[in-house]
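Worksheet: one structure, shown below.
The values are calculated or read from the model by the stated rules, or taken from the named source; none is laboratory data. Every value quoted in this text rests on a predicted model; they were computed, and no experiment measured them. Every residue, glycine as well, gets a Cβ built from its backbone with ideal geometry; the counts of neighbours run over all protein chains shown. Side chains are part of the model used for accessible areas, which takes the heavy atoms of the whole protein and leaves out ligands, DNA and RNA. Shrake-Rupley method; radii C 1.70, N 1.55, O 1.52, S 1.80 Å.
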Amino acid sequence: MPRFIRRTVLATLCCGLFLMFAAPAALAHDSLKSSSPARDAEVSTVGQIELEFSAHVLFPTIVLRGAEGRPVSIGKARADGPKVTSDVPEKLPKGKYVIAWRVVSSDGHPIEGEIPFTVTGSASSSAANPAPAAASTSGQSLPSPVSAGDQKSTQGFSSWVWVALAVILMIGAGVWLRTSRPDRSGSAE
């Protein structure tokens with residue numbers, strides 16, 4: 001096989017390997033940095049749900065579920081750069097709640113997660129002026145925000161596709177190089 005073809009194949013392999021190992025950094029999804037109410041927080045009231053992400057996000061969706069998974073009516077989710085907010089127009093009664101969220105990451109892939117919290121205040125107290133969860137905890141330390149493990153994404157699938165593609169490319173190139181060599185046994189036909 002001519003030398004220039006071998007060099008071309010080797011250069012193509014090197015470029016493929018470079019792209020394979022450089023791409024995972026570009027595929028990193030954004031993550032939820034903080035939330036109000038925070039994960040597993042105990043709050044007296046919730047007037048607004050606030051989520052802050054590591055970068056600009058698009059197409060936010062927030063759903064609030066109460067006891068037994070029943071949906072609770074909240075305002076439309078609004079994105080402003082890395083922040084997503086939704087108003088909670090009615091006073092929430094005591095109980096356990098879950099915020100389910102989904103946004104499109106700045107890399108174009110959807111990410112989602114859930115944030116459980118508990119409302120400890122009574123439904124009749126201070127219904128006229130609900131305050132945000134961060135202001136209503138007065139002296140309580142809030143649990144840490146949602147961790148990366150609470151998010152679901154398609155990043156794992158993308159990584160496996162790249163690895164499989166690289167393995168197939170390397171095997172194919174090796175087979176092609178082996179079969180395209182001229183016979184050097186010395187026998188003339």
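Only one entry in THR45, THR61 is buried (at least 16 other Cβ atoms within 10 Å of the Cβ) and of a type outside the set (A, V, I, L, M, F, W, C), namely THR45. Checked against (1) farther than 19 Å from GLY121 by Cα; (2) touching a Gly at 6+ places or on another chain (Cβ under 8 Å), GLY69 meets all criteria but (2).
Only a single item in (1) open to solvent by less than 30 Å² (accessible area, probe 1.4 Å); (2) modelled with pLDDT of 70 or more; (3) closer than 14 Å to LEU51 by Cβ is not met by VAL119, and it is number (3). Elements of the type strands (runs of 3 or more DSSP E) sitting completely within the stretch 62-117 and holding at least 2 residues that are free of Cβ contacts under 8 Å to residues at least 40 places away in the same chain and closer than 16 Å to ALA41 by Cβ: these cover 95-104. Beta carbons closer than 7 Å, at least 6 apart along the sequence or on distinct chains, pair a first residue in the stretch 35-47 that is within 16 Å of TRP101 (Cβ to Cβ) with a second that is modelled with pLDDT of 95 or more and open to solvent by 20 Å² or more (accessible area, probe 1.4 Å) for SER35/GLU50; SER36/GLU50; ARG39/PRO116; ASP40/PRO116.
Reported count of residues in the stretch 38-63, each being among the hydrophobic types (A, V, I, L, M, F, W, C) and on the phi > 0 side of the Ramachandran plot, is 1.
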